[in-house]
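Novice: Below are the C-alpha cells for one structure; questions will follow.
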There are 4 protein chains.
Amino acid sequence: MKQNGNTAVLLMHCPDKPGILAVVTEFINQHKGNILYLDQYVNREEKVFFMRVEWDLTLFQIPKDKIEEYFETLIAVRYSMSFRLYFADTKPRMAIFVSKMSHCLYDLLARYAAGEWEVEIPLIISNHPDMESVANRFGIEYHVIPVTKENKAEQEAKQLELLKKHGITFCVLARYMQVLSADFIDHYPNRIINIHHSFLPAFAGAKPYHAAHERGVKVIGATSHYVTSDLDAGPIIEQDVTHISHKDTVEELIKKGRDLEKIVLSHAVEKHIDRKILAYKNRTIVFQ
Amino acid sequence: MKQNGNTAVLLMHCPDKPGILAVVTEFINQHKGNILYLDQYVNREEKVFFMRVEWDLTLFQIPKDKIEEYFETLIAVRYSMSFRLYFADTKPRMAIFVSKMSHCLYDLLARYAAGEWEVEIPLIISNHPDMESVANRFGIEYHVIPVTKENKAEQEAKQLELLKKHGITFCVLARYMQVLSADFIDHYPNRIINIHHSFLPAFAGAKPYHAAHERGVKVIGATSHYVTSDLDAGPIIEQDVTHISHKDTVEELIKKGRDLEKIVLSHAVEKHIDRKILAYKNRTIVFQ
Amino acid sequence: MKQNGNTAVLLMHCPDKPGILAVVTEFINQHKGNILYLDQYVNREEKVFFMRVEWDLTLFQIPKDKIEEYFETLIAVRYSMSFRLYFADTKPRMAIFVSKMSHCLYDLLARYAAGEWEVEIPLIISNHPDMESVANRFGIEYHVIPVTKENKAEQEAKQLELLKKHGITFCVLARYMQVLSADFIDHYPNRIINIHHSFLPAFAGAKPYHAAHERGVKVIGATSHYVTSDLDAGPIIEQDVTHISHKDTVEELIKKGRDLEKIVLSHAVEKHIDRKILAYKNRTIVFQ
Amino acid sequence: MKQNGNTAVLLMHCPDKPGILAVVTEFINQHKGNILYLDQYVNREEKVFFMRVEWDLTLFQIPKDKIEEYFETLIAVRYSMSFRLYFADTKPRMAIFVSKMSHCLYDLLARYAAGEWEVEIPLIISNHPDMESVANRFGIEYHVIPVTKENKAEQEAKQLELLKKHGITFCVLARYMQVLSADFIDHYPNRIINIHHSFLPAFAGAKPYHAAHERGVKVIGATSHYVTSDLDAGPIIEQDVTHISHKDTVEELIKKGRDLEKIVLSHAVEKHIDRKILAYKNRTIVFQ
C-alpha cells in the first residue's frame, strides 16, 4: 500500500496492561500527530499486547530524529515495550534472489515498475545466468553467484558484500533454490522472505509438488515466510491454496502452483514493505 | 446425488489400450442400455484407464444377475479389467461411529432425514453415551461400546458383530476418536470414511488445531479419507480449507474447523454412496 | 462465540475525533471493568468512528441498570455517539421462519442443540406443515401460518402476535419463501436475517439458480443480509461462493448451494447473537 | 499448457446419440492416431453432445490437409456435427489491447516471455501512450490509437487493418477501457477475450469497484468472457473471487482486484490458446 509521504509507523509489543492503547494514542495526539491507522491485538493466553499505529508527521511537534528517544523514555520503558519506528519517506531497499524460474520475479518487478510499492530494488542475485534477460528488461543490476557445497561460505560472503554495498534492508527469495546458511540469515533476522511451493508444514523440503501428487492431496498451496535457520520452518506470513483433482499431473500442479506462489510471495513482500508484519515467537501478527 | 431407481453403475480400471471406452459403451448400447453418465480418465504416466459409467436398465437385455458374468467374460478378461458393478436399487447401508461431538453427526443425519441420500443408516455406535439424544431425535439405534487399551479387541469384535447383523456395507467415523485396529479395517477395505481435522498430511495425529495454532499457519483444513492401517494416511477423498489469522485462538480454530469438517465429511460420504470414488494406490479418482 | 456469562457489550459509532477510543477505554478501566475485546474501525472517507468493546462486569463499579445512563451522560453526548448496550446474560430470543427446505433449519437447530449459541429458540413459524417433524425432533413449538396475497396482512398480524408473545428479539428466515411486508419489517429493523441463494446483487429475486445456470456463471454464491423493505437489497452480513462448471445442472447448483446457504446463514446468525454486527447506511461493520 | 508439437485437436458438438464417442475414437484409432486427450460432456436437458479430443499425428495415416474433409464426410455429416479442427504446430496469433493499467499486460507478457504459451504476440494496441515502456521491455510493437466518440469508426478500421496485417487470430482486452463496436466484434466472434473487474452479472459497466463498495458486498470478483455486442454479457470463461470487509476502501478493492483480474484473464487466455473452450448459446464448455 502506498503510504502518505510523511508518516511514522510504530510497531510494538509488550506485556498487556490496561491503558496502553490510550497512552500511546495520547502521546501522538498531544504532540499534534494525526493518527491515520491503528490496529491492536491482545494475545490473551500469553497476555501480550501488539500494536501498529501510523500517524501524519506534518504538524507533529517532536523532531523526527528525537521521536525514538522520546517514545522510549516516556512510554516504552514504563511498559517494557519492544518497538520499531519507521518513517515512510525512508524506503526499504530490497534484493531479489532467483534461480531459474521467472514467474515470481516478473510479478515482483511488474508491481515495482508500476510504482505500486514504496521500495527500491537495486539488485538481483542469482546462482544461474538464466534470469539476466528479465533483469535487463527492467534495468536492474544482475549478479551471477553460483553456489556449490564447497564454495558456499565464500559465495555467501560475496553476496553479503553486495547487499551491504547497496544498503539492502531485506531480501526476497523468489524461488531461489539454494539454502542459506545460519550465518547469512543472522545478518537479516526476519528480513528474508521466502516462498515455499507447498502448504507448510506439509511437504517441506525438496520437490513438494511431486510429494503432493504422490500423497494424492486434493488441495495444493504456497507459503511465504521469514527465513530462519530451520529450513521451511520460519514464521509464516501468508498462505493460499487451490483445488486439484486426480486429473492433475505433477506438471499441472507445478503450473497451478506458479500462480499461487507469485501472488502469495508478492502479498508478503507488500506487507513487509508496508511495515505490517510483526514476527513473534515463530509466528506473525499481520496487521491489515 | 439421487440416482434413478433402475440403473447400474460400473467402476473399472485396467491397463490403457486404444478402444476400451468404445468397447464398453458398445456393450451397453447394443444391449439397449441407455447411458446416463460417463466419465473416464487415463493416467498417462502409469498407463492406466479408469472409468465410471451408469446406464438405465429399463430396456437392458441382460438380466441383472447375469450382467457381472457377461461383462467379465466378454469384456473384462480381454482387457485385464478390475471392476465393480452396483445397482442403484440396492442401497448401501451405513453405520456411523461418533464420540462426543455432534456437528458431523447432525450434518449426516439432516441430509439422511431430508431424503437427500440413497442410503440406509440403521446404526450409530459410540464409545460414549453423550450422543444418544441425537440418535433418538432421528430414531436410530444407538450402541455405547466404550473402548480402552485392554478391552479393544473384544469391543471391536462386538462392533463387527453389530455391523454384520445390520448388513452394514460401509462405516463413517464422524469425529470418532478411537483408532481402529488393522484387523477391523480389513473387514471394510476402502469402506471406512474418516474425517481428520487438519489439512493432511499436515498435523496428522492428535490435537491438530493446537499444532496448527502453534505453527502459526494462516490456513486450516479438514480431510476426508478412507481408513487404512496407517493412521491418517489412507487415500484422500476430499479436502477444504479456510483462512485464519493471528487473532484466532485455538478455540476459534476448533469452531471454524467444525464447519469444514462436517461439509468435507458429508461430501465424501455422498460421493461414496453415489459410487463415484475409485481408490487406487493410496489415492482416489473422484468422478464428478 | 460463547460469551462469558457476566459481560457487557457496547456497539457504537460517532463522528471521528481524536481520543474517542482512549475516552471509552478509560471509562471502563477507571470503573474496574476488565476489557476482554476491543475492535475499532474508522471510515476515513465519511469520518465515522465505529467500535465494539466487551468487558467483564464482575468488579465493575457502575450498577448494570445505570451503565447506559452514565455512558450516555458522561461520554455519548459529548461525542454525539449512537450506541447500543447489551448484557451477555440476557440471551437474544430467536424465531425461525421456514418453508419447505430443511437444510438451513437443521444447521441452526444442530448448533442450538449442541449449546454452541447463547440464544433461545422458542418458536418456528412456517407457511407449510412439512417442517413440523424437524421441529418435533428438537422439541420446538411449530406454527403453520399459510400466506396468500389475500390474507397476508392478517397472517402477518398473527405472526407478529406470536413473536411478541414469545418475547422474540430477532427473526431468521431459513429459506422462508414469503416476502415480508414493509410493516412487518418495521417491527424488527435490522433484526430479521435472511439467506438469499445467490451472490447478491447478482440474481436477486426468484429462481436465482436457474438464472445463474442460464447466464453460465462459473461461480455461485449465497448471501446473508438484514431484511429491509427493498427485496434482497438490505445490508449484507456475509457471503460465500463455490466454483461450478458447465457440467453442473440446475439441480446440482441447488445441491451445492445448500451447503453454502446453511453455513453463510448460520455464520450471520452467530455474529448477530454475539453482537458483532453494526448496520450503517445499508452496509454492515462485522467485528471479528 | 504446452502442447505436443505434432497433434491435432478436434472441438465438436452435435445432437446427442448413442455411439458418437465410439465412432470418433474409432476414426482416430483405425488411422493410427494416438489419442492423448479426451473429454466429453452431454447436456442432457438440451440433448447435445460436446467433445474435445487431441491426438498425435506422427503415425496418423490421413494427410493433415485432408483430415477436415475426411472427418466431415465420414463422421460429421452423419451426426450433424459442428466442429473445428486445429493443429498444434499452427500457433494462434494474439493482439493485446490495453489502456493505462499494466498489471494484466505484465502477467500476459511474463508468461509469454517465459515460453509458457504456444502463441505469438506480434502486437499491442492502446488508446494511450502510457504502456509503451512495458511493450518496449518485451520488444513488442506498440500502436497508440486514441478513440473518441467522433473518430471511433475510423480508429477501429485502423485497428482491424493492423490486426489483419499481423494475421491476428484473437484479441485480448487487458483492462482496455474502450467499448468495441458490434461491427468490430463481428470480425472476431468468440475470439475477443475481455476481463471485467467484477463478478458478473453483478456490477456490469463502469466503476464496478465503486458500486461493490457502495453495496457493501463481502466478496469481490473478476470475470473473463468472450466479447459480444452486449456489453459485459458474453459467454463467461472463468471467474474468481476474494473476500473483503468493511475495512476495505475502494482503493483497496481496486488493489485486491488487480490480482484477481490478471490471474482470471491469463487463465482464460491459456484455455483459449489450448483450444479448450467451446462457446455455445452464450455459455462456455471449458474442457479441463
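Novice: May I ask you to derive the FRET efficiency for A:V250 and D:S80 from their Cβ-Cβ distance with R0 = 30 Å, giving the value to the nearest 0.05? Let's see the in-between values first.
Specialist: Values: r = 40 Å, r/R0 = 1.35.
Between A:V250 and D:S80 the formula returns 0.15.
Novice: Turning to a different aspect of this structure: Per residue of A:280-288, count partner chain C-beta atoms within 10 Å of its C-beta, then hand back the mean as an integer.
Specialist: On the way: counts 2, 2, 3, 7, 4, 4, 4, 2, 5.
Mean inter-chain Cβ contacts per residue within 10 Å come to 4.
Novice: While we're on this one: Note down the net charge around A:E72, summing +1 for each Lys or Arg and -1 for each Asp or Glu among other residues with Cβ under 12 Å from its Cβ.
Specialist: Details: positive: A:K66, A:R78, A:R84; negative: A:E68, A:E69.
Around A:E72, the surrounding residues sum to +1.
Novice: Moving on to the next point. Counting only other residues whose beta carbon sits under 9 Å from that of A:E46, what net charge do I get with K and R as +1, D and E as -1? Present the calculation step by step, with values, prior to reporting the outcome.
Specialist: On the way: positive: A:R44, A:K47, A:K281; negative: A:D16, A:E45.
It works out to a net charge of +1.
Novice: So which lysines can D:K158 reach, going by Cα to Cα under 23 Å and dropping same-chain residues fewer than 8 places off?
Specialist: Candidates past the 8-residue exclusion: D:K100, D:K149.
Novice: Residue separation times 0.36 nm, minus the C-alpha to C-alpha distance between C:L231 and C:D183: what's the value? Show your work: numbers first, answer last.
Specialist: Working: separation 48, 0.36 × 48 = 17.28 nm, distance 1.35 nm.
Stretched fully, the C:L231-C:D183 segment lengthens by 15.9 nm.
Novice: Between the range B:50-98 and the range A:74-126, what is the separation of their alpha carbon centroids in Å?
Specialist: 61 Å
Novice: For the protein assembly as shown, go through all pairs of different Cα atoms, get the mean of 1/r, take its inverse, and jot down that Kirkwood value in Å.
Specialist: 32.5 Å
Novice: With only alpha-carbon atoms counted, please give the Rg and Dmax of chain C, in Å.
Specialist: Spelled out, the Cα radius of gyration and Dmax of chain C are 20.5, 63 Å.
Novice: Which distances, in nm and shortest first, link the B:K32 label point to the same label point in every other copy, taking 7 Å along Cα→Cβ?
Specialist: Distances to the matching label points in the other copies: 4.2, 8.9, 9.6 nm.
Novice: Highest mean first, what order results for B:58-70, A:232-244, C:55-67 on Cβ atoms within 10 Å? Before the final figure, lay out each step's value.
Specialist: Numbers: B:58-70: 12.8, A:232-244: 20.9, C:55-67: 14.6.
Top of the packing list down: A:232-244, C:55-67, B:58-70.
Novice: Counting other Cβ atoms within 10 Å, keep those with at most 14, restrict to DSSP loop, and tell me which trypsin sites (Lys or Arg not before Pro) in the range B:1-53 are left.
Specialist: B:K2, B:R44, B:K47
Novice: I need the inter-copy label distances for D:D16: point set 7 Å along Cα to C-beta, values in nm with one decimal, smallest first.
Specialist: When each copy's label point is compared with this one, the spacings are 2.6, 5.7, 5.9 nm.
Novice: Mind running the shape call on the range D:30-74? Use the C-alpha gyration tensor, a ≥ b ≥ c as the square roots of the eigenvalues: rounded below 1.5 for a/c, prolate if a/b tops b/c, oblate otherwise.
Specialist: Details: a/c = 3.66, a/b = 1.79, b/c = 2.05.
Oblate shape, in that a/c is at least 1.5 and b/c is the bigger or equal ratio.
Novice: What is the angle, in °, between the Cα long axis of helix D:250-273 and the longest principal axis of the Cα atoms in chain D? Nearest 10 is fine, range 0 to 90.
Specialist: Rounded to the nearest ten degrees, it is 20.
Novice: Between A:E72 and B:N6, with labels modelled 7 Å along Cα→Cβ, what's the label distance in nm to one decimal, could you check?
Specialist: Once both label points are built, they end up 8.8 nm from each other.
Novice: Using a 1.4 Å probe on the protein heavy atoms, what percent of the accessible area of chain B belongs to carbon and sulfur? Intermediate values should be presented prior to the final figure.
Specialist: On the way: 5840 of 11290 Å².
Looking at chain B in its full context, I get 52 percent from C and S.
Novice: Continuing with this model, one more query. If you average the C-alpha positions of the range B:221-288 and of the range D:142-174 separately, how far apart do those two centres end up, in angstrom?
Specialist: 50 Å
Novice: Using Cα-Cα distances under 8 Å and only pairs 6 or more residues apart, what relative contact order does the range A:139-264 have, in percent?
Specialist: It rounds to 20 percent for the range A:139-264.
Novice: Would you mind checking the pairs A:K218/C:K276; C:K255/D:K17; A:K255/D:K256; B:K271/D:K271; B:K255/C:K17 and listing those with alpha carbons more than 26 angstrom apart? Write down the numbers at each step before the final one.
Specialist: Values: A:K218/C:K276 34 Å; C:K255/D:K17 28 Å; A:K255/D:K256 22 Å; B:K271/D:K271 28 Å; B:K255/C:K17 36 Å.
Over 26 Å Cα-Cα: A:K218/C:K276; C:K255/D:K17; B:K271/D:K271; B:K255/C:K17.
Novice: How many Å² of accessible area per residue for chain A, probe 1.4 Å? If you can, show how the numbers build up before the last one.
Specialist: Details: 11320 Å² over 288 residues.
Using a 1.4 Å probe on heavy atoms only, each residue of chain A averages 39 Å².
Novice: Let me ask something else about it. How much accessible area is lost when chains C and D come together, counting both sides, with a 1.4 Å probe, in Å² rounded to the nearest 100?
Specialist: Values: alone 14140 and 14110 Å², together 25310 Å².
Roughly 2900 Å².
Novice: Kindly provide the helix-only [θ] at 222 nm of chain D, computed as the sum of -39,500 (n - 2.57) over DSSP H runs of four or more divided by all residues, to the nearest 500 deg cm²/dmol?
Specialist: Helix-only estimate at 222 nm: -9000 deg cm²/dmol.
Novice: May I ask you to derive the relative contact order of chain A, considering only C-alpha pairs under 8 Å and at least 6 residues apart, and to give it as an integer percent? The partial results should precede the final answer.
Specialist: On the way: 522 pairs, mean separation 45.5, N = 288.
Relative contact order for chain A comes out at 16 percent.
Novice: Let me ask you something else. Rounded, prolate or oblate for the range C:55-175? Axes are the square roots of the Cα gyration tensor eigenvalues, ordered a ≥ b ≥ c, and the cut-off for rounded is a/c under 1.5. Before the final figure, lay out each step's value.
Specialist: Working: a/c = 3.23, a/b = 1.88, b/c = 1.72.
Prolate, since a/c reaches 1.5 and a/b exceeds b/c.
Novice: Go ahead and run the numbers for FRET between C:H31 and A:R93, Cβ-Cβ distance against an R0 of 56 Å, rounding to 0.05. Could the numbers behind the result be given before it?
Specialist: Numbers: r = 49 Å, r/R0 = 0.88.
With a Förster radius of 56 Å, E is 0.70.
Novice: Report the residue of chain C with the smallest Cβ-to-axis distance, using the rotation axis that brings C onto B, in whole Å.
Specialist: Output: C:R137, 2.
Novice: How much of the DSSP bridge set in the protein assembly as shown is antiparallel, in percent, rounded to the nearest 5? Don't skip to the answer; put the middle values down first.
Specialist: Values: 156 of 220 bridges.
Here the antiparallel bridges make up roughly 70 percent for the protein assembly as shown.
Novice: Among A:E141, A:E261, A:E150, determine the one that fluctuates most according to a GNM of chain A built with springs between C-alpha atoms less than 10 Å apart.
Specialist: Comparing A:E141, A:E261, A:E150 in the GNM, the peak value goes to A:E150.
Novice: Where Lys and Arg each count +1 and Asp and Glu each count -1, what net charge lies around A:G205 among other residues with Cβ under 15 Å from its Cβ? Mind showing how you got there, number by number?
Specialist: Working: positive: A:R175, A:K207, A:R215; negative: A:E214, A:D230, A:D232.
So the surrounding residues net to 0.
Novice: Test of the criteria: in the range C:1-67, which GluC sites (Glu not before Pro) are in a DSSP loop and have at most 12 other Cβ atoms within 10 angstrom of their Cβ?
Specialist: Hits after loop and neighbour filter: C:E45, C:E46.
Novice: Report, for D:G115, each distance to the same residue's label point in the other copies, shortest first and in nm; define the point 7 Å along Cα→Cβ.
Specialist: Between copies, matching label points for D:G115 lie 3.6, 6.1, 6.5 nm apart.
Novice: Just need the relative contact order of the range D:7-87 here, percent rounded to a whole number, with Cα pairs under 8 Å and 6+ apart.
Specialist: On the way: 128 pairs, mean separation 36.9, N = 81.
Relative contact order comes out at 46 percent.
Novice: Still on this structure, I have one more. Just to confirm the filter: which trypsin sites (Lys or Arg not before Pro) across the range A:199-257 are DSSP coil and have at most 15 other Cβ within 10 angstrom of their Cβ?
Specialist: Numbers: sites: A:R215, A:K218, A:K247, A:K255, A:K256; in loops: A:K218, A:K247.
Counting only loop positions with at most 15 other Cβ atoms within 10 Å, the trypsin sites (Lys or Arg not before Pro) in the range A:199-257 are A:K247.
Novice: Within 10 Å of each Cβ in D:145-155, how many Cβ atoms from other chains are there, averaged over the peptide? The partial results should precede the final answer.
Specialist: On the way: counts 0, 0, 0, 0, 0, 0, 0, 0, 0, 0, 0.
Mean inter-chain Cβ contacts per residue within 10 Å come to 0.
The values are calculated or read from the model by the stated rules, or taken from the named source; none is laboratory data. Note that the structure is a prediction, hence the values are computed from the model and not measured. Here the Cβ is made from the backbone with ideal geometry for all residues, glycine too, and neighbour counts use every protein chain on show. Side chains are part of the model used for accessible areas, which takes the heavy atoms of the whole protein and leaves out ligands, DNA and RNA. Shrake-Rupley method; radii C 1.70, N 1.55, O 1.52, S 1.80 Å.
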